[in-house]
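A short worksheet on the structure shown next.
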Amino acid sequence: MEKSNASHSAASKIARMKESLELQFGHSDDLALYPLRVAGQEGLLCFLTTMTRSTSMMDNVVKPLVIQDLSGISREEDDLMTHIRKHVLAGLTTQLTDRSEGLAQKLGLGFAAIVLEGEPNLLLIDVKDLEVRAVSEPTTQNVVRGPKEGFTESATTNMSLIRRRIINDKLRFEKYELGEQTRTEVYLTYVEGEADERMLDAVRQRLNACSLVSLFDSGSLESLLSPEGIQLFPTVYNSERPDAICSLLLDQRIGVIVSGSPFVLITPALLHDFFQSPEDRYQWFVLSHFVRTIRYIAFFFSICMPALYVAITSYHQELIPTMLLTSIAAQREGIPFPAVIEIFLMELSFELLREASTRMPRIVGPSIAIAGALVLGEAAVQAGIVSNINVIVVSLAAISSYVAPIYSFASNIRLSRYALIVFGACLGLYGVIAGCAFLMIHLSRIETYGIPYVFSRYQRARNKTTC
Amino acid sequence: MEALNASKLSPIHIYTIQLVFLLGTSIIFGTPKSVPDTWLIDLISLLPAALLCCLYAGLVDASHEQGLYPLLEKAWGRYAGKLLTLCYALYFLYIASRNIRDMTELVMTTLLRFTPNGLPVVMFALLVAYAAAGGLPAIGRLSVMIAALVILFFLTLAWMLYFSQSIDFERLLPFLSQGFGKVLQASASQSIWVPYGELIVFLVFVPHLGAKREYRRISLISLVSACAILTMSDILQTTTLGMENIKFSVFALLDAARMIDIFHFITRMDALVALIIIFGVLLKCAIFLYAAVKGASRVFPTQAKHLHLSFALLAGAFSMMVSHNGAEHVAEGLKYVIYGLHIPLQFLLPLGTLLLIWIRYPKGER
Amino acid sequence: MTALGTFVLALTGILLMAMLDTLVYQESLFRALMGLLPDSTRGPLAMIIAALLIALWADLKQTGWMKKAMARLSGWKNAWKP
């Protein structure tokens with residue numbers, strides 16, 4: 001009688017659980033509720049088919065359970081669930097729980113649950129097995145000489161790419177779950193003993209205070225980790241390359257890996273980092289210094305050149321050498337617009353071209369390049385809308401802006417270019433100088449967690465990386 | 001977030017701040033031309049300037065590393081000390097406004113001839129306020145950039161002058177045509193106070209400057225380098241323009257830069273000189289503004305966040321009211337300001353303060 | 001306090017400049033002051049007034065008077081709601 005009563009309540013227990021899960025997941029197609037029979041008891045295996053692969057489920061969970069005959073197991077030491085956990089499913093991450101309220105959440109996280117009639121506990125097994133992109137060459141930050149592995153969207157792969165390079169027991173990963181709706185896994189990475197404790201506490205505080213609803217890419221976290229105020233220059237470094245991230249981690253910085261994003265963040269970032277390519281460490285140091293100087297000069301050119309062109313041709317023509325001046329004057333003879341409008345026209349069309357070539361499907365790509373070169377180059381000049389020198393100035397500025405290895409840095413700088421053009425148009429060379437002075441003052445004022453942005457002692461790499 | 005390194009300036013920052021401070025405007029104007037051998041005046045004034053710095057070092061000692069304003073209050077008593085603090089704050093603001101006026105004069109004559117006076121001044125005042133509001137570490141980092149720029153531009157000017165064959169060392173002769181005594185007199189009465197005496201501003205932020213001995217050494221090094229660069233600038237001006245012309249030029253380096261003519265290709269390098277003076281004056285005024293705000297916020301206790309902006313606008317306004325025209329500005333600066341303001345406040349008052357401290361607290365009690 | 005400081009410094013600054021003008025032009029202080037103010041046209045005066053207003057605003061913001069005033073001002077928007 002008792003047994004039938006027990007089985008009656010257990011059967012209804014399983015039926016109840018089945019019903020409640022189906023209700024919670026809204027009869028979703030990927031919810032799998034398979035009946036099991038283990039050790040003579042009726043049971044239920046629940047999992048989401050989209051969070052795992054059927055081969056993995058079969059090999060790891062179902063086969064071991066079904067093959068062994070567990071009816072004869074003595075119940076003295078462990079009860080059935082614990083026995084299954086220790087002997088049958090050893091090697092998998094399992095949890096025993098007696099509460100069935102959080103079951104739906106656990107299923108969503110990639111767990112499978114085994115419910116048996118006679119057992120009060122539920123066994124949760126981590127069976128998450130998702131497809132991930134293979135490790136391939138990073139799309140940004142290319143190098144000629146150096147490793148060509150890039151991070152992928154899976155946080156586990158990224159952590160493994162870092163772990164295999166820093167073979168150090170002091171490398172730490174701390175897990176956070178950010179984003180109320182998405183519960184994205186975010187890992188805080190650092191090398192203990194290198195990163196400063198107070199900085200770590202500050203970063204932890206910020207991560208805990210995150211109130212984002214959804215988090216899909218590491219870019220959303222950048223504003224969380226930056227100091228308050230207008231951020232003209234990025235204070236968080238991001239990279240797709242494991243070697244860049246690892247060398248920075250060894251340089252007393254803190255890394256943030258966001259699941260679902262191939263860009264790993266590093267904070268605090270210095271201006272120096274944005275002009276350094278990982279290749280600099282793998283080449284002769286004289287060459288690296290030379291190229292880095294070129295990068296700084298290119299950065300300066302890309303911001304100031306259009307503004308200088310406007311200022312000098314509008315107000316200070318005497319600064320241009322005479323022969324060049326006559327040829328510029330001849331070119332600008334038939335142009336109906338003043339220099340400012342010309343520059344803005346060209347800059348805006350370059351922005352359009354840039355944006356279009358990024359969003360265009362790859363198949364149609366080359367046609368944009370041809371159209372751009374033809375329209376913006378020859379045709380505009382021949383139609384008399386812009387002058388040749390204008391096209392040269394704007395193209396040189398655009399090319400120089402991509403010399404900085406980090407794309408987000410170049411994007412931020414584009415805005416200051418427009419401001420400088422306006423200043424140059426209003427107040428000539430004095431305006432450009434004042435604008436540059438403003439940028440210099442802003443650069444010297446930025447501090448992340450107390451570390452200054454320029455001329456910081458963090459710049460000198462503490463560890464020798466070249467002989 | 002919390003600062004990991006309190007507010008001590010690193011030695012390099014102190015050096016570059018002082019260097020740009022001393023070079024700032026003097027590199028453009030050159031030494032006052034009462035005597036033809038201006039470069040000799042520069043060299044000789046190193047000694048009295050070093051003595052003046054010894055006085056200031058003595059003040060640093062006497063204040064037990066607390067700065068000028070607490071020292072004034074300790075020596076003269078609370079109310080007189082507060083009054084003197086206000087005097088110094090006003091003095092710093094006034095010098096800042098004179099510097100802005102210098103810069104405005106140069107920019108108006110070379111770059112922006114037709115713009116009304118107010119607009120560049122307001123822009124500059126906003127820049128100075130932004131720089132000063134960043135605090136001393138930010139000013140330190142800014143000064144490294146500005147020092148590099150100023151020295152780079154100056155060397156470029158020198159190099160270009162050399163290559164355009166405008167330099168003629170014969171123009172340095174006749175040597176000591178008016179006698180050595182006049183040189184000494186000119187150096188004592190004018191050349192010490194204007195670039196070197198302004199170092200009294202650094203007494204205001206003694207708490208940030210680090211160890212005393214270190215500061216003294218850095219101060220001396222920056223004095224010597226500034227003296228060398230100023231002498232070089234004077235020699236450049238004299239050899240390019242000649243002793244007669246240099247007497248009549250207000251912005252000597254500007255006139256020298258106008259003589260650059262390399263293969264008729266690179267000419268009219270006024271912009272370089274304008275760059276030098278804009279950046280130099282920016283840093284000088286940022287330091288003066290910071291010191292003035294510190295003084296005023298001791299007398300009128302307030303959270304000094306918006307005080308920087310107000311004082312910067314005041315300095316800008318004063319710069320337009322300081323004199324009615326350029327000639328008056330130069331004449332005032334050469335004679336009346338020196339006797340009326342610089343000598344009392346840079347020399348007599350600190351000397352008096354030091355004596356008072358020694359009398360009132362003979363064994364160095366607190 | 002900020003406003004007071006700015007005001008005092010503005011006044012003493014003008015006084016200082018007038019005194020230096022008396023030295024340069026050998027005229028009386030009153031004449032120097034009169035020469036200073038109108039001659040400077042509207043630019044410097046506007047800047048001084050702007051400086052004083054900014055200082056005043058900073059002071060008010062600090063005392064919280066501004067917040068209460070803004071709250072009371074924006075309260076009228078809700079007055080007509082049922």
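All of the numbers you see were taken from the coordinates with simple rules; none came from a lab. Values in this document were obtained by computation on a predicted structure and should not be read as measured data. Because the Cβ atoms are built from the backbone with ideal geometry, glycine has one as well, and the counts that use them run over all protein chains shown.
Taking only the Cα atoms of the range B:66-184, the radius of gyration and Dmax are 21.3, 61 Å.
One equal scatterer on each Cα of the range A:163-226, no solvent, Debye formula: the resulting log10 I(q)/I(0) at q = 0.12 Å⁻¹ is -0.34.
Let me know the mean shielding of C:46-57 by other chains, meaning the per-residue number of their Cβ atoms within 10 Å of its Cβ.
Details: counts 4, 14, 7, 2, 8, 12, 3, 2, 7, 9, 2, 2.
Across the residues of C:46-57, the mean count of other-chain Cβ atoms within 10 Å is 6.
Centre-to-centre, using Cα atoms only, the range A:201-234 and the range B:1-71 are separated by 42 Å.
Taking amide H as placed 1.01 Å from N in the peptide plane, the amide H of B:Asp261 sits under 5 Å from that of B:Ser164, each at least 5 places away or on another chain.
Evaluate peptide B:340-349: per residue, the Cβ atoms of other protein chains within 10 Å of its Cβ; return the mean as an integer. Spell out each step's value before the answer.
Numbers: counts 4, 3, 0, 0, 0, 0, 0, 0, 0, 0.
What the average comes to for B:340-349 is 1.
At q = 0.16 Å⁻¹ the log10 of I(q)/I(0) for the range B:128-197 amounts to -0.92, computed by Debye summation with a single uniform scatterer per C-alpha, solvent ignored.
With q set to 0.21 Å⁻¹, the log10 of I(q)/I(0) for the range B:251-366, from the Debye formula over equal scatterers at the Cα positions, is -1.27.
Legend: calculated FRET efficiency, A:Ala373 to B:Lys335, from the Cβ-Cβ distance at R0 = 56 Å, rounded to 0.05, equals 0.30.
For the range B:179-301, what is the Kirkwood estimate of the hydrodynamic radius, computed as the reciprocal of the mean inverse distance between distinct Cα atoms, to one decimal in Å?
Working: mean 1/r = 0.0568 Å⁻¹.
This gives a value of 17.6 Å.
Just to confirm the filter: which trypsin sites (Lys or Arg not before Pro) across the range B:66-128 are DSSP coil and have at most 15 other Cβ within 10 angstrom of their Cβ? Working shown, then result.
Numbers: sites: B:Lys74, B:Arg78, B:Lys82, B:Arg98, B:Arg101, B:Arg113; in loops: B:Arg113.
Passing sites in the range B:66-128 are B:Arg113.
On a 0 to 90° scale, report how tilted helix A:339-359 is relative to the longest principal axis of chain A, with both axes built from alpha carbons and the result rounded to the nearest 10. Here the helix axis deviates by roughly 30 degrees. Using alpha carbons only, the radius of gyration of the range B:11-353 set against its Kirkwood radius gives Rg/Rh = 0.96. Shown for chain B: lysine pairs separated by 8 or more places, or found on different chains, whose C-alpha atoms are under 22 Å apart, numbering 22. Students often forget the sequence filter, so: which aspartates and glutamates lie under 18 Å Cα-Cα from A:Lys13 once same-chain residues fewer than 8 apart are removed? Result set, ordered by chain and number: A:Glu2, A:Glu22, A:Glu42, A:Asp98, A:Glu101, A:Glu117, A:Glu119. In this simple spin-label model, placing a label point 7 Å from the Cα along the Cα-to-Cβ direction at both A:Ala419 and B:Thr156 gives a separation of 2.3 nm. Membrane-span-like helices in chain B, defined purely by DSSP H runs whose alpha carbon atoms cover 15 Å or more axially and whose average Kyte-Doolittle hydropathy reaches -1.0, are B:11-23, B:46-62, B:78-110, B:118-133, B:136-163, B:212-241, B:270-299, B:307-321, B:349-360. In units of the rule-of-thumb radius 2.2 N^0.38 Å, the protein assembly as shown shows an alpha carbon radius of gyration of 1.22. Taking the range B:184-198 and a reference point 7 angstrom along Cα→Cβ of B:Lys247, the backbone N atoms nearer than 17 Å belong to B:186. Against chain A, whose longest principal axis comes from its Cα atoms, helix A:322-331 is set at around 70 degrees.
Rg and Dmax over the alpha-carbon atoms of the range A:54-161 stand at 19.6, 65 Å.
The H on the amide N of A:Ile254, modeled in the peptide plane, is under 5 Å from the matching H of A:Thr267, each at least 5 residues off or on a different chain.
Regarding the range A:155-269, what's the average projected area of the Cα-atom convex hull, expressed in nm²?
The orientation-averaged projected area of the Cα hull of the range A:155-269 comes to 6.6 nm².
Pairwise Cα separations in the range B:23-134 fall into 10 Å bins from 0 onward with the following percentages, short to long: 11, 25, 31, 26, 7, 0. Toward the positive end of the charge dipole of chain B, with +1 on the Cβ of Lys and Arg and -1 on the Cβ of Asp and Glu, the farthest Cα among B:Pro36, B:Leu355, B:Trp193 is that of B:Leu355. Only one residue of A:Ile370, A:Ala339, A:Leu429 has its Cα farthest out toward the positive end of the dipole of chain A, where Lys and Arg carry +1 and Asp and Glu -1 on Cβ, and that residue is A:Leu429.
Close amide H partners of A:Phe263, meaning residues 5 or more places away or on another chain with modelled amide H under 5 Å apart, are A:Ser218.
Evaluate 2.2 N^0.38 Å with N set to the residue count of the range C:2-73, then give the Cα radius of gyration divided by it. Please list the in-between numbers first.
On the way: Rg = 16.8 Å, N = 72, 2.2 N^0.38 = 11.2 Å.
Normalised by 2.2 N^0.38 Å, the Cα Rg of the range C:2-73 equals 1.50.
Please grab the % of Cα pairs in chain A that end up more than 34 Å from each other. Percent of Cα pairs beyond 34 Å in chain A: 53. Shape analysis of the range A:284-452 based on the Cα gyration tensor places the equivalent ellipsoid semi-axes at 28, 24, 15 Å, largest first. Computed over the range A:319-366, the quotient of the alpha carbon radius of gyration and 2.2 N^0.38 Å is 1.72. Centre-to-centre, using Cα atoms only, the range A:300-318 and the range B:280-315 are separated by 33 Å. If R0 equals 60 Å, the separation of the Cβ atoms of A:Val213 and B:Phe175 corresponds to a calculated FRET efficiency of about 0.15. With Rh defined as the Kirkwood radius, the inverse of the mean 1/r over Cα pairs, the Rg/Rh of the range A:98-237 is 1.03.
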